[in-house]
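This report refers to the structure that appears directly beneath it.
The values are calculated or read from the model by the stated rules, or taken from the named source; none is laboratory data. Remember, predicted model here, so these are calculated numbers, not experimental data. All Cβ positions, glycine included, derive from the backbone under ideal geometry; neighbour counts span all protein chains shown. Quick note on the areas: whole protein, heavy atoms, side chains included, nothing else; ligands and nucleic acids left out. Shrake-Rupley method; radii C 1.70, N 1.55, O 1.52, S 1.80 Å.
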Amino acid sequence: MAPKRTTGAAAASPSHPVVTTALLLGAVGWAFGLLVHKGMMAWPPVRLLSCLATIAGCLALVGPIILARSGKGGGSLGELIWMTGGLLIWIFNLVGVANGDLRTIDWATPLGPRAMGLIILAVLLAGLRSGLAGRDWSWTNVTGWALGLFWVGMAAATWFLVPGQGLVAGLASR
């Protein structure tokens, strides 16, 4: 029996790795383009965390597209985090466009690090409580976990890395 040939529908399957790779490379390329345009790419990397936040935001933007194309049902906690972060950024960007703020939108990070981190922390805790945290080591799950932990870490850093506005200083002044 002759081997089956791939038809046009099978060749354009939702999980085609070339398209996924192109989306990821496009996101990282766009992130570096934004960083160069803003003048944030310099050595030594003085604004390393904000550069990483831009890269994370651009990766988050392609998350809903990649995860929707995978065609896989169910999903894992990391994928939920990636999808939530990406949808938040998409929605805030669309609201900015609807309001006519095209020139002032920060496309990769429309939410501040504290707001994004706290929202992702809520999703993380809800997902842990609901039993979504399995032992799935797929690259989409690991990417979602990495982005989620980065965003939660950035939220925590806003209290501890800003001089004079730390959590302890804020509580002590009350």
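If you check residue 56 against the conditions, is it part of a helix (DSSP H, G or I), hydrophobic (A, V, I, L, M, F, W, C) and open to solvent by less than 80 Å² (accessible area, probe 1.4 Å)? Yes, satisfied. The single condition among (1) surrounded by 10 or more Cβ atoms within 10 Å (Cβ to Cβ); (2) on the phi > 0 side of the Ramachandran plot; (3) modelled with pLDDT of 90 or more that residue 75 does not satisfy is (3).
Only one of 107, 90 is in a helix (DSSP H, G or I) and surrounded by fewer than 19 Cβ atoms within 10 Å (Cβ to Cβ); which? Even if it seems obvious, please write down each step before you answer.
Numbers: 107 fails: in a helix (DSSP H, G or I).
Among 107, 90, only 90 is in a helix (DSSP H, G or I) and surrounded by fewer than 19 Cβ atoms within 10 Å (Cβ to Cβ).
Entry remark, the range 68-106: residues being of a type in the set (A, V, I, L, M, F, W, C) and under 12 Å from the mean Cα position of the chain (by Cα) number 8 in total. Would a scan of the range 33-46 turn up a residue that is under 15 Å from the mean Cα position of the chain (by Cα), of a type outside the set (S, T, N, Q) and open to solvent by 70 Å² or more (accessible area, probe 1.4 Å)? Among the residues of the range 33-46, not one is under 15 Å from the mean Cα position of the chain (by Cα), of a type outside the set (S, T, N, Q) and open to solvent by 70 Å² or more (accessible area, probe 1.4 Å), which makes the answer no.
Which residues, taken from the range 110-140, are in a loop (DSSP other than H, G, I, E, B) and within 20 Å of residue 35 (Cβ to Cβ)? Across the range 110-140, the qualifying residues are 110, 111, 112. Listed by first and then second residue, the pairs with beta-carbon distance under 6 Å, at least 6 apart or on different chains, first residue in the range 29-42 and in contact (Cβ under 8 Å) with a residue 24 or more places away in the chain, second among the hydroxyl-bearing types (Ser, Thr, Tyr) and in a helix (DSSP H, G or I), are 31/54; 34/54.
So that you can scan it fast, the table gives a plain yes or no per residue for (1) open to solvent by 60 Å² or more (accessible area, probe 1.4 Å); (2) modelled with pLDDT under 90; (3) within 19 Å of residue 66 (Cβ to Cβ); (4) in contact with a helix residue (DSSP H, G or I) (Cβ under 7 Å, 6 or more places away or on another chain):
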site	(1), (2), (3), (4)
129	yes, no, no, no
135	yes, yes, no, no
143	no, no, yes, yes
153	no, no, no, no
158	no, yes, no, yes
164	yes, yes, no, no
168	yes, yes, no, no
171	yes, yes, no, no
